[in-house]
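Take a look at the structure set out below.
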């Protein structure tokens with residue numbers, strides 16, 4: 001059986017691909033980048049190219065889909081349409097869709113949430129067996145220089161969230177484990193949604209303490225300026241809007257993992273396993 005991973009060169013898709021390859025499964029990756037994880041059959045292309053997407057899906061029975069950080073409605077709709085048609089033509093019997101975030105219970109009017117909500121609806125309305133994975137925030141992002149720098153130099157952990165906001169932080173490897181279970185295990189439902197996150201929620205203060213640091217909320221506009229260099233201003237603005245929403249909708253990222261049989265790593269265990277985990281001055285003492 002061939003497993004297709006769309007977005008296999010991204011941090012999240014690569015975690016899924018590595019997990020499948022480690023089990024000896026046949027994995028095909030689709031991405032614009034030329035560098036695939038070891039053991040992954042490469043298919044290069046863009047999601048706007050229907051022929052390239054069809055080629056990626058050809059012969060694949062199960063697929064993991066992670067969209068790029070694009071939030072323009074017409075662009076995302078086109079991407080999803082090419083995926084829908086290719087998946088239907090290939091006859092996939094399981095499609096795991098990485099929402100990339102938790103979704104608010106009600107319509108938000110924010111592209112970062114609603115383009116993904118519409119994507120799920122589009123795929124399901126076509127009759128595809130879609131399980132949507134809704135992750136929380138990633139611990140791996142704390143390794144970014146804008147975060148790890150102050151952590152190392154000042155013993156300060158800065159994130160664009162209130163200090164007392166509970167978040168069930170998770171890792172890319174946790175997503176890989178959840179997606180692997182959703183793709184491989186027959187007891188995982190073919191439809192519906194599953195929240196993916198850490199084993200428990202911690203506040204910003206508690207997260208910083210785990211690093212031996214203190215917490216300072218980062219101004220969302222400063223965070224947006226940092227993201228814009230990597231993502232572009234449009235995507236950066238969309239991502240920041242999710243953080244601003246979460247500051248008000250305090251339960252959005254708080255719920256822990258609820259996919260049966262998958263155990264995400266404990267926070268302190270994950271920190272201890274990182275090569276940069278002793279960055280803060282307190283940790284070095």
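The values are calculated or read from the model by the stated rules, or taken from the named source; none is laboratory data. Since this is a predicted model, take the numbers as computed values, not measurements. Note: ideal-geometry Cβ built from the backbone for every residue, glycine included; neighbour counts use all protein chains shown.
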Keeping to the stretch 148-182, report how many residues are assigned to a helix (DSSP H, G or I) and touching a helix residue (DSSP H, G or I) at 6+ places or on another chain (Cβ under 7 Å).
8
Going by what's in this entry, would residue 243 be described as at pLDDT 95 or above, assigned to a loop (DSSP other than H, G, I, E, B) and under 16 Å from the mean Cα position of the chain (by Cα)?
no
Go through the stretch 1-49 and report how many residues are assigned to a helix (DSSP H, G or I) and either at pLDDT below 95 or over 20 Å from residue 87 (Cα atoms) (or both).
8
Which residues, counting only those in the stretch 50-79, are assigned to a helix (DSSP H, G or I), surrounded by 19 or more Cβ atoms within 10 Å (Cβ to Cβ) and in contact with a strand residue (DSSP E or B) (Cβ under 9 Å, 6 or more places away or on another chain)?
53, 56, 57
So which of 90, 111, 126 ends up being surrounded by 17 or more Cβ atoms within 10 Å (Cβ to Cβ), more than 20 Å from the chain's Cα centre (by Cα) and at negative phi?
90
Could you figure out which of (1) in contact with a helix residue (DSSP H, G or I) (Cβ under 9 Å, 6 or more places away or on another chain); (2) surrounded by fewer than 18 Cβ atoms within 10 Å (Cβ to Cβ); (3) closer than 30 Å to residue 188 by Cα isn't true of residue 258?
(1)
Can you tell which of 264, 275 is free of Cβ contacts under 8 Å to residues at least 12 places away in the same chain, closer than 17 Å to residue 141 by Cα and in a loop (DSSP other than H, G, I, E, B)?
275
From (1) over 23 Å from residue 235 (Cβ atoms); (2) modelled with pLDDT of 95 or more, pick out the condition that doesn't hold for residue 136.
(1)
Farther than 21 Å from residue 135 by Cβ, touching a residue at least 40 places away in the same chain (Cβ under 8 Å), in contact with a strand residue (DSSP E or B) (Cβ under 9 Å, 6 or more places away or on another chain) and surrounded by fewer than 18 Cβ atoms within 10 Å (Cβ to Cβ), is that true of residue 39?
no
For residue 96, are the conditions met, namely being free of Cβ contacts under 8 Å to residues at least 60 places away in the same chain and either buried (at least 19 other Cβ atoms within 10 Å of the Cβ) or touching a helix residue (DSSP H, G or I) at 6+ places or on another chain (Cβ under 7 Å) (or both)?
no
May I ask you to say which residue of 222, 205, 140 is surrounded by 19 or more Cβ atoms within 10 Å (Cβ to Cβ) and outside any loop (DSSP other than H, G, I, E, B)?
140
Count of residues meeting criterion [out of contact with any helix residue (DSSP H, G or I) (no Cβ under 8 Å at 6 or more places or on another chain) and under 30 Å from residue 73 (Cβ atoms)] in the stretch 198-220:
2
